[in-house]
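Worksheet: one structure, shown below.
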Amino acid sequence: MRRYDATSFDTEPRHLVSLIGLLDKQSSPRFQEDPAIPPAFSTTLQNMPAMTPFVGPETLERRRGAPFKVRVGASESAFGMSPKALAALAAEAGRSNWYCDPEHWDLRSALAEQTGVQVGNVIVAEGIDGVLGVIVRAFTDPGDVIVTSAGAYPTFNYHVLGYGGRLEFVPYRDDCHNDLEALVDRARDTGAKLLYLANPDNTTGTFHGRAAIEEMIAAMPENCLLLLDEAYAEFASADELPPVDAEDPRVIRLRTFSKAHGMAGLHVGYVLRRWKISTPSTAFGCISGSGGSARSRRWLRSTIRISRPGWCSRWPRAGPTTRRWAANWVS
């Protein structure tokens with residue numbers, strides 16, 4: 001029997017496996033074990049459906065053989081990051097040879113002050129996508145039920161399936177809003193461990209105000225945790241966002257610097273929560289830049305105020321009508 005060690009993979013690249021390539025297989029809806037690859041994949045991985053939750057704009061450009069004239073498919077900010085954030089990143093670039101503060105104390109302190117919580121209630125992580133994976137892994141065993149809306153943020157579903165969870169989908173209402181009552185009912189009926197809600201919603205941009213979210217939290221069944229994804233919170237009215245209660249054991253709130261702050265390429269997110277959850281460290285310069293952006297409230301408000309009427313004035317020329325939305329795209 002042939003033995004494999006680290007040097008085998010250096011000298012025989014045919015044995016290297018690209019996980020992205022596996023997930024993007026077109027030939028089969030299920031993973032097939034390759035006898036040349038030891039050891040076999042886990043049962044969970046083999047039973048995953050072939051899926052790619054997000055195809056980047058660059059990938060699509062390579063497929064079509066030409067660049068896009070307008071880049072709108074990834075809900076990025078065309079304004080970029082604030083001058084304060086850019087200056088902080090530039091100032092720290094020369095320290096990239098040092099590991100970052102693993103506790104991210106400066107950024108967590110700024111976020112705690114801004115949101116009215118304790119520093120210990122703030123976790124910094126590699127974007128909301130990264131922390132979703134940590135949360136699913138921390139609270140879900142194979143076979144556990146997780147409830148979400150049918151058509152909601154697909155990357156969350158990817159994490160659930162990757163850790164062996166079972167998804168239960170609830171349709172949107174006719175007005176494209178998440179059906180909060182139906183989501184809670186499904187979680188209660190199925191004994192779900194987690195209930196995922198993006199508010200403002202990704203992918204429709206619709207938004208439920210403070211009273212509706214507070215009513216939903218009050219109705220949550222026992223032993224079910226609400227993951228409240230607020231990646232687009234800055235695009236909603238601050239008065240309509242529910243107050244942050246980081247000590248509430250029923251809710252974990254997730255936010256990001258990728259959208260309104262214009263720092264998508266740096267993947268810096270944060271969590272407001274009660275429990276201690278360890279997440280991988282993020283690059284020091286990225287954290288420093290995020291701290292500068294967290295203090296750029298006036299700049300942030302101005303870019304949101306400028307962009308909204310600009311999009312609204314251009315979109316009707318194409319024909320479709322728009323609805324009231326709270327995100328950085330037209331819905």
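The values are calculated or read from the model by the stated rules, or taken from the named source; none is laboratory data. Just so it is clear, the model here is predicted, and its values are computed rather than measured. Glycine gets a Cβ as well: all are built from the backbone with ideal geometry, and neighbour counts include every protein chain shown. In case anyone asks, the SASA skips ligands and DNA or RNA and just uses the protein heavy atoms, side chains included. Shrake-Rupley method; radii C 1.70, N 1.55, O 1.52, S 1.80 Å.
General observations
- Distance between segment 187-220 and segment 106-175 - C-alpha centres, whole angstrom: 12
- Relative contact order of segment 93-178: 22 percent, from C-alpha pairs under 8 Å at least 6 residues apart in sequence.
- Relative to the current alpha-carbon distance between residue 240 and residue 52, full extension at 0.36 nm per residue lengthens the span by 64.3 nm.
- Annotation: residue 52 carries an accessible surface of approximately 60 Å², with a 1.4 Å probe and no ligand, DNA or RNA atoms counted.
- Peptides 193-201, 207-215 ranked from most to least packed, by the mean per-residue count of other Cβ atoms within 10 Å: 193-201, 207-215.
- For segment 135-238: relative contact order, % (alpha-carbon pairs under 8 angstrom, 6 or more apart): 27
- Straightening the chain between residue 60 and residue 219 buys 53.0 nm, computed as 0.36 nm per residue apart minus the Cα-Cα spacing.
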